[in-house]
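As structure tokens, the structure follows; a few thoughts come after it.
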Amino acid sequence: MNSSTLGGLFTFTGTSLKVRRIGYGAMQLAGPGVWGPPKDPEGAIAVLREAISGGVNHIDTSDFYGPHITNQIIRKALHPYADGLVIVTKLGARRPPDKSWQRATSPQDLTAGVHDNLRNLGLDTLDIVNYRALGSGHGPAEGFIAEQVTVLADLRRKGLIRHIGVSNVTAAQVAEAQAITEIVCVQNNYNLAHRHDDALIAHLARQGIAYVPYFPLGGFTPLQSSTLSAVADRLGAKPMQVALAWLLHRSPNILLIPGTSSVVHLRENLAAGQLTLSPQTLAELDGIGAAAMKH
């Protein structure tokens, strides 16, 4: 795999952090339900090392995956980290023993979360920390996030965080965060069939701010589309590769963090950066989102 094919390069605005546009999302390295250790710890380490050898230099994680497990696996597999590797983490949730997802948004929670990430990753400073607002279902909910972003800005001044992002947020919440501190990335639910953020992506692109779709392949219910399957057949590719390639074509500020616990799937995801989609094919794929919006 030639690393130059991973969708090209993107520099986070106002930073020296430069990443290849196809990265890796580490959530699936934990056990079932993002809880506890994986069934195959050595396999999880192998996936991470394969990602790095394939040219990936952007890993997305969180200390509430596991909890703690995913970051500990990243440290075991990759520490000391290669120069240029950007590790992005997120705060805003905790996982009590009943395996539920609970809010962790107080100043104390956020500060403790930063220290947990630093300890489990083996770092002195975190490259980028996203505040993830817990919304309603699969989408963001209106509400103020100024208190949480202010806490992160304070931790940044203390040297524990280099840069700040937000996740699962509305356009109004992005603006609210930007009034407090520089925001370098936004992570929201977005893919071929879930296109509510089209206007926000364009707005961020004008500012050079990264947009990082989580669930780029549909998440827990993978994208199903006869159009997607037909395009993939025509290109001799897998439907999920086409879905990732569409995102790379969609806007130059989109960064991908597809996750997998399989080396085979990882290689397929990275190969999506080599797919070229013609204007006609892009128009065909755009129709999937248009049809989904009507339902």
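Every number here is computed from the coordinates shown, using simple stated rules; none is lab data. Computed from a predicted model, the values in this text were never measured in an experiment. Here Cβ is always computed from backbone atoms with ideal geometry, including for glycine, and neighbour counts include all displayed protein chains.
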Practice item. Name, by its number, the condition in (1) surrounded by fewer than 22 Cβ atoms within 10 Å (Cβ to Cβ); (2) more than 29 Å from residue 41 (Cα to Cα) that does not hold for residue 264. Key: (2)
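Only one residue in 225, 229 is among the polar types (S, T, N, Q), over 16 Å from residue 184 (Cβ atoms) and either touching a Pro at 6+ places or on another chain (Cβ under 7 Å) or buried (at least 22 other Cβ atoms within 10 Å of the Cβ) (or both). Which one?
229
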**Study point:** Enumeration of residues in region 169-183 that are outside any helix (DSSP H, G or I), surrounded by fewer than 23 Cβ atoms within 10 Å (Cβ to Cβ) and either of a type outside the set (Ser, Thr, Tyr) or at positive phi (or both)
**Key:** 179, 180, 182
Exercise for review: Could you tell me whether residue 208 is under 18 Å from residue 9 (Cβ atoms) and either crowded, with 21+ Cβ neighbours inside 10 Å or of a type in the set (Lys, Arg) (or both)?
Suggested key: no
